[in-house]
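Down below is the structure, laid out as structure tokens.
The values are calculated or read from the model by the stated rules, or taken from the named source; none is laboratory data. Please read all numbers here as calculations on a predicted model, not as lab measurements. Because the Cβ atoms are built from the backbone with ideal geometry, glycine has one as well, and the counts that use them run over all protein chains shown.
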Amino acid sequence: MRISVVVIGLGVALFAGTALAAADLKAGEKAATVCAACHGIDGNRPLDASYPKLGGQYADYLVKALKDYRSGARVNVIMNGQAALLKDQDIDNVAAWFAAQNGQIRDLRDVK
Ligand code: HEC
């Protein structure tokens, strides 16, 4: 029982390592220059308080959000247009880059 848990854990760790290795941080940084106009240079200085901070967000959350915008499952006029320009690899790269920045994630509870 214990061995199988270790084996499964190892499999997950290896898989996660592979997923991360597939993202190209340099390409992600380049792609993020477009996003900086609204989300800030490192994803932490948004143009408007109602624009989400992306720095330090989980990469898989960012990937899901971007794919949902691209497919139309998540609707926002601005982001649907932005995500439409991104291929899967661009999404992985840019998500990995924002995830690697310092995090200042907060909710929008106090935004008027
Ligand atoms: C013209 C302004 C603008 C640009 C450029 C822009 N965004 Fe956004 N982004 C927004 C706004 C506004 C929202 C909030 C949309 C909503 O409420 O769903 C958002 C939301 C997001 C979210 C969802 C965050 C969350 O917490 O759920 C992600 C991820 C995201 N943007 C990534 C990007 C990436 C990556 C780029 C560059 C390729 C980019 N954005 C470019 C304005 C912009």
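Conditions tested, residue by residue: (1) outside any helix (DSSP H, G or I); (2) in contact (Cβ under 8 Å) with a residue 40 or more places away in the chain; (3) over 14 Å from residue 23 (Cβ atoms).
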| site | (1), (2), (3) |
| --- | --- |
| 41 | yes, no, yes |
| 45 | yes, no, yes |
| 53 | yes, yes, yes |
| 60 | no, no, no |
| 63 | no, no, no |
| 67 | no, no, yes |
| 79 | no, no, yes |
| 93 | no, yes, no |
| 97 | no, yes, no |
Identity of the residue in the range 53-78, touching a helix residue (DSSP H, G or I) at 6+ places or on another chain (Cβ under 9 Å), among the aliphatic types (A, V, I, L, M) and surrounded by fewer than 19 Cβ atoms within 10 Å (Cβ to Cβ), that ends up nearest to residue 27 (Cα to Cα): 78
Qualifying positions in the range 82-98 - surrounded by 11 or more Cβ atoms within 10 Å (Cβ to Cβ), within 9 Å of the ligand (Cβ to nearest atom) and farther than 12 Å from residue 32 by Cβ: 83
Inter-residue pairs, beta-carbon under 6 Å, first within 17 Å of residue 60 (Cα to Cα) and away from the ligand (no atom under 13 Å from the Cβ) and in the range 22-37, second among the aromatic types (Phe, Trp, Tyr) and assigned to a helix (DSSP H, G or I), 6+ apart: 25/97
Identity of the residue in the range 99-111, free of Cβ contacts under 8 Å to residues at least 60 places away in the same chain and not acidic (Asp, Glu), that ends up farthest from the ligand (Cβ to nearest atom): 109
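Inspect the range 99-110 for any residue being part of a helix (DSSP H, G or I) and either within 12 Å of the chain's Cα centre (by Cα) or modelled with pLDDT under 95 (or both) and give the result as yes or no.
Yes - at least one qualifying residue is present in the range 99-110.
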